[in-house]
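Data block below; observations after.
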Amino acid sequence: MGLLTRARSSAATRATALALVCLAFAGPVRALETDQYYAWRRPLADSSEALNAKINFEIDAALQKINAKDAGRGASCRDVLEAIHARYTLFIFQKIELWAQRTAVLSRIPVDESEELDYRRNWIYGQVAWYDLSRTVPPSPTIEIDGIRLGTDKISHFFSEGHYYLDWYDSARARGLSHDEAVEFAVRRGIAIETTVLGGVISGVISPADLEANYQGLGWYIGLCEGEAPLLERTDAGWHMREPFDLRPFVSPDWDESYLPNVVLKGRWVHVRPEIERHCSELNDPLVRARREAYAARDTESYTERILDQMVRDGSLADPRDFGIEHLCAAHPGPTASVGLGPPEVGQ
């Protein structure tokens, strides 16, 4: 190994170590990056049933363990919630995402380890600087849930970051805040961490799609033990779920990062922008057009978007639309570029 190679390797190792230390103290742990553009023109089978089956299997396993001792009478609802949460998460790389990247029961792109090499070369982060953190961790593949394309990292965000949001929600409620105030506190804290430590310092990417998955995870966790009919119920036979878990009601077009684009900071954007612009001509592909039209028909304003929209208006966040493919292709149209489709105004 030459001197320059050793220096680069050492610098990359130090950068990765620093990033991991920052992650450890940042609160929620950023899941891996993903790229839905890479899979744009390729078909995917819907993975809703297979993913739901895996998640329900883990919930059942947690409940069986809780109920094995005195039919769960000594466990509170929060104890059960924590037992369920533990089935999905690790410190950095979440159990559920590691499973999603390797299992044969999900249809995904890239499909296997050999294609992952091509993915690493040709995804939108493939040309970032040699010391970029994305070069040291495996990228998240794309799957499809109920007609929505998303990175498997969104599953981690739902269960892991959603649980961080729950902790912040609980702390706000303990201070006397109302339900709505506590939800806003949790969401704003998550956004603050995403736009400073995680997106501003570590990754250079601020992901509204990640934030939306976090918020949906919070809603699911709250519903386990709160409300008129909590999802977790204790009977004489032990704890059980009133209904099976189903991810589909929580997923929206905002989980697709090619539809709700990331804000990419300057150091990364110079590398990422041309990689997105390579896909301009694909906007005319019938499969791509049909999907984006279906997204537009289903898209609604989300709670997270309303807060981000206010941040854009007051100048504390760059407009995500400026990083979207419609905006880029309108500025530098290719010979067959189409720019008539795309996400609505953030917050509208």
**Asked** Residue check: is Tyr88 closer than 23 Å to Val264 by Cβ, touching a helix residue (DSSP H, G or I) at 6+ places or on another chain (Cβ under 9 Å), of a type outside the set (A, V, I, L, M, F, W, C) and open to solvent by less than 10 Å² (accessible area, probe 1.4 Å)?
**Response** no
**Message:** So, in the stretch 101-129, exactly how many residues are assigned to a helix (DSSP H, G or I) and farther than 21 Å from Glu275 by Cβ?
**Reply:** 4
**Message:** With at pLDDT below 95, part of a helix (DSSP H, G or I) and closer than 18 Å to Lys154 by Cα as the only criterion, which of Leu23, Leu18, Leu32 stands out?
**Reply:** Leu23
**Asked** How do the pairs read when you match residues in the stretch 52-80 that are on the phi > 0 side of the Ramachandran plot with residues anywhere that are open to solvent by 30 Å² or more (accessible area, probe 1.4 Å), using Cβ under 6 Å and keeping only pairs 6 or more apart or on different chains?
**Response** Gly72/Ile66
**Complete:** Within the stretch 40-63, of all residues that are part of a helix (DSSP H, G or I) and of a type in the set (D, E, K, R), the one surrounded by the fewest Cβ atoms within 10 Å (Cβ to Cβ) is Glu49
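Considering only the stretch 242-264, I want to know if a residue exists there that is acidic (Asp, Glu) and without any contact (Cβ under 8 Å) to a residue 40 or more places away in the chain. Please lay out each step first, then the result.
Narrowing the stretch 242-264 to residues acidic (Asp, Glu): 243, 246, 254, 256-257.
Checking the rest, the ones that are also without any contact (Cβ under 8 Å) to a residue 40 or more places away in the chain come to 243.
Yes - at least one qualifying residue is present in the stretch 242-264.
Test Ile66 against the stated conditions and say whether it is in contact with a helix residue (DSSP H, G or I) (Cβ under 8 Å, 6 or more places away or on another chain), under 16 Å from Glu161 (Cβ atoms) and part of a helix (DSSP H, G or I).
Criteria not met by Ile66.
Residues checked against (1) surrounded by 15 or more Cβ atoms within 10 Å (Cβ to Cβ); (2) farther than 16 Å from Tyr215 by Cα:
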site: Pro244; (1), (2): no, yes
site: Phe250; (1), (2): yes, no
site: Pro253; (1), (2): yes, no
site: Pro261; (1), (2): yes, yes
site: Lys266; (1), (2): no, yes
site: Trp269; (1), (2): yes, yes
site: Arg278; (1), (2): no, yes
site: Ser281; (1), (2): yes, yes
site: Asp285; (1), (2): yes, yes
**Prompt:** Under the condition of being at pLDDT 75 or above and hydroxyl-bearing (Ser, Thr, Tyr), which residue from the stretch 91-142 is surrounded by the fewest Cβ atoms within 10 Å (Cβ to Cβ)?
**Reply:** Ser114
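The values are calculated or read from the model by the stated rules, or taken from the named source; none is laboratory data. Model, not experiment: these values are computed from the prediction. Ideal geometry is used to build each Cβ from the backbone, glycine not excepted, and the neighbour counts take in all protein chains shown. Keep in mind that these areas ignore ligands, DNA and RNA; they rest on the heavy atoms of the full protein, side chains included. Shrake-Rupley method; radii C 1.70, N 1.55, O 1.52, S 1.80 Å.
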